[in-house]
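Q: After the structure tokens below, expect a handful of questions from me.
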Amino acid sequence: ATPQVPAAQATSVEVDLARIFDKHEGLRLEDKEVLRFLADNKGEAFASEIRDRFDLPRSTAWRLIRRLISEGIVVEVKIGNQSLIKVRKEFFKA
């Protein structure tokens, strides 16, 4: 039998995309697509998952990720030799 997750823990984490898009009007279409992808993944994904999902060359993916970091929308967290890209906490719905 699978253990039941308490309701308090089962609440989904929601990224406030509207707030991000309002605050950062200059975002490119591909930036928005990646942010939607992150939102669908509880606000985080590995850089490799972003590359695979959008079929991007490594350099293109990194330019896009660096742009989102410099805009202050996401942060990069190193886990071993992988980079986890996370939407910043202030962009989650309360």
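Q: If a residue has to be small (Gly, Ala, Ser), loosely packed, with under 13 Cβ neighbours inside 10 Å and more than 21 Å from Asp22 (Cα to Cα) to count, how many in segment 49-88 make the cut?
A: 2
Q: Same structure again: How many of the residues in segment 18-41 are under 18 Å from Val75 (Cβ atoms) and either open to solvent by less than 40 Å² (accessible area, probe 1.4 Å) or of a type in the set (Asp, Glu) (or both)?
A: Here the count works out to 9.
Q: Okay, next question. Pairs needed: first member in segment 71-92, charged (D, E, K, R); second member anywhere, in a strand (DSSP E or B); C-beta distance under 7 Å; at least 6 residues apart or different chains.
A: Partner pairs satisfying both residue conditions: Glu76/Ser83; Glu76/Ile85; Lys86/Glu44; Lys86/Val74; Lys86/Val75; Lys86/Val77; Arg88/Val74; Arg88/Val75.
Q: With the structure loaded, tell me whether Thr60 is modelled with pLDDT under 95 and not aliphatic (A, V, I, L, M) or whether it fails that test.
A: no
Q: Taking segment 21-70, which residues are within 12 Å of Arg88 (Cβ to Cβ), over 13 Å from the mean Cα position of the chain (by Cα) and in contact (Cβ under 8 Å) with a residue 24 or more places away in the chain?
A: Result: His24, single match.
The values are calculated or read from the model by the stated rules, or taken from the named source; none is laboratory data. A quick note: this is a predicted structure, and the numbers were derived from the prediction, not measured. Glycine also receives a Cβ, built like all others from the backbone with ideal geometry; neighbour counts cover every protein chain displayed. For accessibility, only protein heavy atoms count, side chains too; no ligands or nucleic acids. Shrake-Rupley method; radii C 1.70, N 1.55, O 1.52, S 1.80 Å.
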